[in-house]
1. Output needed: percent of Cα pairs per 10 Å distance bin for the stretch 108-259, bins running from 0 to the one holding the longest distance.
2. Which angle from 0 to 90°, rounded to the nearest 10, does the C-alpha axis of helix 205-217 make with the longest principal axis of the chain?
3. Fewest to most neighbouring Cβ within 10 Å: what's the order for 80, 110?
4. Angle check, please: helix 3-15 long axis (alpha carbons) against the longest principal axis of the chain (alpha carbons), in degrees 0 to 90, nearest 10.
5. Send over the semi-axes of the stretch 173-217's equivalent ellipsoid, whole angstrom and largest first, taken as the square roots of 5 times the C-alpha gyration tensor eigenvalues.
6. Within a 10 angstrom radius of the beta carbon, how do 77, 49 rank from fewest other beta carbons to most?
7. Give me the distance between the Cα centres of the stretch 1-32 and the stretch 97-120, rounded to whole Å.
8. Taking the square root of 5 times each eigenvalue of the Cα gyration tensor, what semi-axes in Å does the equivalent ellipsoid of the chain have, largest first?
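Throughout, read-outs are computed from the coordinates displayed, never taken from laboratory work. Everything numeric in this text was worked out from a predicted model, so none of it was measured. As a convention, Cβ positions derive from the backbone with ideal geometry for all residues, glycine included, and neighbour counts pool all protein chains shown.
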């Protein structure tokens with residue numbers, strides 16, 4: 001492999017606004033479809049450049065790399081037995097080093113929740129030049145979302161634990177299953193309110209009052225509460241999910257034009 005071509009391919013992916021994983025074969029024992037030093041670049045769309053052997057080995061490496069992109073895992077080392085782990089007839093062990101290169105779009109939007117309103121919101125946001133991350137513990141709702149290189153989906157019970165991964169100046173929206181699941185995430189987000197361009201929570205006026213009191217009880221400063229949107233969205237339209245989604249997008253765009 002020509003290393004200059006490899007670096008050029010990395011730059012092309014970065015210029016295209018794609019996150020990707022560099023996969024390198026670092027060790028082999030016995031049979032192996034490629035030599036040590038073989039490299040490949042993998043994005044959410046699949047293999048972008050190079051090869052680490054083709055066939056079952058490469059398929060497994062691509063799947064591993066795409067999992068890292070979805071879960072935002074930055075480094076990973078894997079030893080695979082070709083017979084036991086890959087299902088090949090030839091014997092041998094291969095070792096790979098995976099390194100994730102994340103593209104941080106200047107307009108990042110995180111959507112906690114993948115229910116009815118989130119489904120409409122994500123589809124509207126995908127028409128904008130932005131990077132979307134949607135988080136929900138329910139795989140069946142995650143599976144209903146459209147597929148796009150602009151959309152990252154994460155299925156996890158520990159939604160609060162992802163807050164530290166959200167890039168600076170992101171727009172954070174919460175619309176999970178209810179107050180009980182919104183609040184732990186919201187408290188964690190509001191503790192770091194100055195990191196984010198926008199924080200909004202779906203809900204009625206009554207829910208907004210309760211959330212604000214809960215945030216005060218959690219020690220969140222009034223200055224931060226003044227920069228929290230609940231009910232989220234502009235004051236127009238009906239309660240139809242798609243119209244609520246339009247109102248949220250309108251509010252996000254108004255804020256974006258002021259802060260980015």
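1. 11, 45, 38, 6
2. Relative to the chain, helix 205-217 is tipped by roughly 70 degrees.
3. Ranked by crowding around the Cβ, least crowded first: 80, 110.
4. Approximately 20 degrees, to the nearest 10.
5. Values for the stretch 173-217, descending: 16, 12, 10 Å.
6. Least to most surrounded, the residues fall as 77, 49.
7. 23 Å
8. 41, 18, 16
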